[in-house]
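A quick write-up on the structure given underneath.
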Amino acid sequence: MRPRGQMLIVVAILMMVVLMILAVAVDGGRLLAERARLRRAAQAAADAGIGLVAEAMVTQAAARQTQAAALPTCAPAGPCTPTPALNGVPGWLTDEDRAALVAPPMQTQVAAEAVQYAQYNGFPQAEVSYPQTYDPAAPVVRIQVTLRRRAPILLAGLLREEWVDLIAPGLSQVPQR
């Protein structure tokens, strides 16, 4: 007597296993792509915010260097031209200049710029972390932008979850010393 129909059961079980593996692969790939997109958007938002800080630093340094170029002796040591070299910008800043970089008006501008870039990249909610007070010992000014997103997953019925929370930070800094 030849067994009949057993192969149909094996194929049905293997088909379910293959479909589950495929669903995990699709979910995993989509979540990795979404997380990478989230990281890029967070980094772009942080870079945009720190760009405002760097611009303010150059403006302050140019003003200081222009004042120094008008004097008979130039200090700090460096070229006495009205335009500072980019790597020499922090040397021209005073403590008052550095304190202005983290003052409330600048905090508002930096946060607004970072949030605007996050929104431009499709993420309406952004958490911006920027120094609240001036720390004279800190070698850098940092901005951190954290983005969050809920991504749907295909295996919702099996895992009893419909969403996965994705979180990505972006960090940018500029030397202040």
Conditions: (1) at pLDDT 80 or above; (2) closer than 21 Å to Ser172 by Cβ; (3) crowded, with 16+ Cβ neighbours inside 10 Å. Glu55 meets all but one. Number of the miss?
(3)
Return the residues of segment 1-36 that are touching a residue at least 40 places away in the same chain (Cβ under 8 Å) and either within 30 Å of Val110 (Cβ to Cβ) or of a type in the set (Ser, Thr, Tyr) (or both); say none if nothing qualifies.
Glu34, Arg35
Consider segment 95-131. How many of its residues are closer than 12 Å to Thr146 by Cα, surrounded by 14 or more Cβ atoms within 10 Å (Cβ to Cβ) and polar (S, T, N, Q)?
1
Does Glu96 fit the bill of being modelled with pLDDT of 90 or more and among the acidic types (Asp, Glu)?
no
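Taking Ala70, is it farther than 14 Å from Pro175 by Cα and at pLDDT below 85? Before the answer, list the steps.
Numbers: farther than 14 Å from Pro175 by Cα: yes; at pLDDT below 85: yes.
When the stated conditions are applied, Ala70 passes them.
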So, in segment 9-64, exactly how many residues are over 30 Å from Trp163 (Cα atoms) and over 32 Å from the mean Cα position of the chain (by Cα)?
3
Residue within segment 152-172 that is touching an Asp or Glu at 6+ places or on another chain (Cβ under 8 Å), surrounded by fewer than 16 Cβ atoms within 10 Å (Cβ to Cβ) and in a loop (DSSP other than H, G, I, E, B) present:
yes
Sort through Ala114, Ala61 and tell me the only one that's out of contact with any Cys (no Cβ under 6 Å at 6 or more places or on another chain), closer than 16 Å to Val141 by Cα and modelled with pLDDT of 85 or more.
Ala114
Restricting segment 133-177 to residues that are of a type in the set (Gly, Ala, Ser) and over 17 Å from the mean Cα position of the chain (by Cα), the residue that is modelled with the lowest pLDDT:
Gly157
Among what's in segment 92-120 and is outside any helix (DSSP H, G or I) and either within 12 Å of the chain's Cα centre (by Cα) or among the aliphatic types (A, V, I, L, M) (or both), pick the residue that is nearest to Leu38 (Cα to Cα).
Val102
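The values are calculated or read from the model by the stated rules, or taken from the named source; none is laboratory data. On a predicted model such as this, the values are computed, not experimentally measured, just so you know. Cβ atoms come from the backbone with ideal geometry, glycine included; neighbour counts cover every protein chain shown.
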